[in-house]
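**Q** Structure in structure tokens, see below.
Computed from the coordinates by the stated procedures, all read-outs in this text should not be read as laboratory data. Only a predicted model underlies this, so the values are computations on that prediction, with no experimental measurement involved. FYI the Cβ positions are ideal-geometry reconstructions off the backbone, even for glycines, and counts take in every protein chain you see.
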Ligand SMILES: Nc1ncnc2c1ncn2[C@@H]1O[C@H](COP(=O)(O)OP(=O)(O)OP(=O)(O)O)[C@@H](O)[C@H]1O
Ligand SMILES: [Mg+2]
């Protein structure tokens with residue numbers, strides 16, 4: 001695919017012929033919107049690309065903030081039985097196909113969906129909020145889609161922390177926040193890094209959820225890739241775009257390793 | 001600064017199970033006080049109630065006269081040293097030691113100064129930058145002590161902190177702990193199942209069994225005047241002679257056991273009075289192995305009995321000699337290593353003697369099983 005991304009889009013007959021040379025046209029197209037001219041930037045594609053990356057980072061952060069308390073609760077606060085119950089409750093929705101889950105969320109968030117109906121009936125709002133146009137549905141869907149991939153690495157990491165250390169910190173006068181900051185998070189950093197990488201990569205590469213839940217004028221970069229591959233039948237350009245996405249993911253992994261000062265082996269574990 | 005600790009009728013229940021039951025004791029300011037008891041008797045539970053990690057189901061904890069109800073562990077003037085130390089592995093030794101100052105917002109220089117002081121106290125000067133895993137077991141122990149002392153607690157609580165160390169180091173740390181306590185002058189509440197540890201370090205001990213206090217007192221009092229059969233057998237070694245009271249003359253009790261009649265002193269109750277015995281009552285007379293001697297012209301005390309040598313066991317500083325009375329009752333006595341025992345061949349009948357002052361009679365009750 002890497003090779004394909006550097007080749008021109010040719011009809012099958014011409015492949016391997018004299019025109020089939022390495023070229024940067026597809027990357028050029030991504031930046032300038034045209035294979036020849038360099039006059040204008042391809043604001044649409046770059047915009048979608050950046051939007052995807054930024055949203056994915058946002059979703060990852062959101063996911064971390066949401067999952068950390070749950071993972072901590074399961075690992076250190078809950079009794080073993082209720083922790084197990086919680087795990088089951090978290091897993092069961094994921095028996096359902098991703099597409100169906102997205103549709104379910106769409107039903108919840110639709111203009112006349114469940115949430116709006118409830119809010120209206122309790123008199124909280126007068127007219128339905130357009131969650132989908134505001135991309136709230138999209139963020140929620142993406143966050144929820146990979147929640148398990150965040151919770152389990154976190155849970156495993158926090159679980160392995162000696163509970164006495166939490167008590168020792170408390171006994172020494174540490175506040176809850178500081179105990180987390182100084183003891184739990186440093187201990188769990190490999191789990192945090194691995195959860196964040198997985199969630200980021202999968203969010204940036206998600207297709208079904210954005211297709212179902214994004215507002216009509218929001219595009220996800222994978223949707224563009226999909227279009228190049230399937231609708232426009234330009235496999236090499238699709239490859240080039242995929243490579244771009246992949247590179248960002250790799251950069252993100254390296255960044256996480258840098259931030260959390262963990263080795264690749266620790267993340268995978 | 002130091003404070004006294006009072007446990008006022010403390011009970012701790014888990015469901016219907018009493019991990020601690022009606023425990024009342026007053027621990028004086030600056031005292032080295034130990035709770036001694038077998039595994040699972042509720043020592044840690046009691047310590048957690050004092051440190052505030054656990055609310056007693058009944059009763060009150062008072063520190064320096066103040067009721068601690070509703071005051072969390074991070075607000076109490078106590079510091080706890082955990083059974084497994086619970087040092088922070090990702091921090092350096094110094095960071096560990098002054099963590100309590102860090103969380104109180106003490107500045108970096110001030111913290112460094114205090115860390116150096118405490119490193120001096122525990123004889124680890126210059127090793128503050130090491131990671132915890134680079135230290136030996138005994139050094140870690142001392143770091144845990146320093147960390148607990150950094151905020152200058154009024155009461156230091158120690159939960160079997162020496163149990164993970166080997167024998168030699170344990171003995172060394174006993175002396176060291178005691179010395180540190182003398183130096184800082186605060187109240188130490190120490191928990192152990194090792195009676196040697198409790199007796200060597202403490203001013204007073206409380207012997208616990210199944211969540212209840214059996215006896216509280218000075219170390220030698222607990223050893224010499226056990227109040228219950230449990231204490232008599234848990235603290236040190238003891239020979240229980242089951243028998244019946246023949247006569248009572250003041251605190252001198254005559255007991256018949258295994259066709260011998262012995263004279264012994266009456267055991268005491270919690271309030272310092274003698275137990276009252278009646279003729280015919282079933283009792284246990286306790287005599288310690290080191291208080292029994294082989295009878296000869298020079299050594300003749302007011303009790304004598306005959307027994308047959310079963311085995312002689314070498315234990316280093318002492319030798320244990322196992323005897324049988326009437327080929328049923330097992331008795332053990334010990335002599336210093338220097339005593340010649342070559343004439344004590346197996347199955348030899350010998351005559352033994354012990355003083356009535358060293359034998360204690362107690363009402364029948366359960367022993368410490370070992
Ligand atoms: N959270 C708990 N829930 C139920 N039972 C408990 C709990 N904590 C302790 N126990 C029970 O209370 C009793 C006393 O426990 P504790 O830990 O105080 O013993 P200990 O004297 O410290 O023993 P050890 O010397 O082995 O540390 C034990 O029988 C234990 O099973
Ligand atoms: Mg314990």
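**Q** Could you order peptides A:162-171, A:9-18, B:262-271 by the average number of other Cβ atoms within 10 Å of their residues, highest first?
**A** A:162-171, B:262-271, A:9-18
**Q** At 37 °C and 0.692 mPa s, grab the translational diffusion coefficient of segment A:53-136 from Stokes-Einstein with a Kirkwood Rh over Cα pairs, rounded to a whole number in µm² per second.
**A** After rounding, the answer is 213 µm²/s.
**Q** Let me ask another. Express the relative contact order of chain B as a whole percentage, based on alpha carbon pairs under 8 Å and six or more residues apart in sequence.
**A** Answer for chain B is 16 percent.
**Q** Still on this structure, I have one more. In nanometres, what is the gap between the two model label sites at residue A:119 and residue B:179, each 7 Å from Cα along Cα-to-Cβ?
**A** Distance between label points: 7.0 nm.
**Q** With an 8 Å cut-off on Cα pairs and a minimum separation of 6 or more residues, tell me the relative contact order of segment A:132-269 in percent.
**A** Answer for segment A:132-269 is 31 percent.
**Q** Fewest to most neighbouring Cβ within 10 Å: what's the order for B:97, B:292, A:87?
**A** Lowest to highest Cβ neighbour count: A:87, B:292, B:97.
**Q** Oh, and also: For peptide B:79-85, what's the mean number of Cβ atoms from other chains within 10 Å of each residue's Cβ?
**A** 4
**Q** Using mean Cβ contacts within 10 Å as the protection proxy, how do B:355-365, A:19-29, A:191-201 order, highest first?
**A** Answer by packing, highest mean first, reads A:191-201, B:355-365, A:19-29.
**Q** Taking every residue in A:169-181, how many Cβ atoms of other protein chains lie within 10 Å of its Cβ, on average?
**A** Mean shielding by partner chains, rounded to a whole number: 6.
**Q** Please work out the FRET efficiency for the pair residue B:345 and residue B:22, using the Cβ-Cβ distance as r and a Förster radius of 51 Å; give the result to the nearest 0.05.
**A** 0.45
**Q** Relative to the first principal axis of the alpha-carbon coordinates of chain B, what is the inclination of helix B:167-184, with its axis defined by its Cα atoms, in degrees from 0 to 90 and to the nearest 10?
**A** Taking the Cα atoms of chain B, the angle to B:167-184 is about 60 degrees.
**Q** Shifting gears a bit: Averaged over its residues, how many other protein chain Cβ atoms are within 10 Å of peptide A:137-149's Cβ atoms?
**A** 0
**Q** Report the calculated FRET efficiency for residue B:261 and residue B:200 (r = Cβ-Cβ distance, R0 = 56 Å), to the nearest 0.05.
**A** 0.90
**Q** Further question on the same structure: Taking springs between alpha-carbon atoms closer than 10 angstrom, which of B:73, B:289, B:89 fluctuates most in the Gaussian network model of chain B?
**A** Looking only at B:73, B:289, B:89, the largest GNM fluctuation is found for B:89.
**Q** I need two numbers for chain B: Rg to one decimal and Dmax as a whole number, Cα atoms only, in Å.
**A** 24.3, 76
**Q** Can I ask one more? Would you mind calculating the relative contact order of segment A:60-142 from Cα pairs under 8 angstrom and at least 6 residues apart, reporting the percent as a whole number?
**A** It rounds to 18 percent for segment A:60-142.
**Q** Here is a further query. Per DSSP H run of at least 4 residues, take -39500 (n - 2.57); add these up for chain B, divide by its residues and hand me the 222 nm value, nearest 500 deg cm²/dmol.
**A** For chain B, the value works out to -6500 deg cm²/dmol.
**Q** Using 7 Å Cα-to-Cβ label points, what is the residue A:181/residue A:36 separation (nm, one decimal)?
**A** 6.0
**Q** Under a plain spin-label model, where a point goes 7 Å from the Cα along Cα-to-Cβ, how far apart in nm are residue A:232 and residue B:53?
**A** The answer from the label model is 6.3 nm.
**Q** Still on this structure: Rank the residues B:294, A:132 as a footprinting-exposure proxy: fewest other Cβ atoms within 10 Å of their Cβ go first.
**A** B:294, A:132
**Q** Nearest 500 deg cm²/dmol is fine: what mean residue ellipticity at 222 nm does chain A get from its DSSP H runs of n ≥ 4 alone, each adding -39,500 (n - 2.57), divided by its residue count?
**A** Result for chain A: -19500 deg cm²/dmol, rounded to the nearest 500.
**Q** Indicate, rounded to the nearest 5 percent, the antiparallel portion of the DSSP beta bridges found entirely in the protein assembly as shown.
**A** 75
**Q** Could I ask something else about it? Starting with the highest mean, order A:115-121, B:180-186 by the number of other Cβ atoms within 10 Å, averaged over the residues of each peptide.
**A** The densest-packed peptide leads the list: B:180-186, A:115-121.
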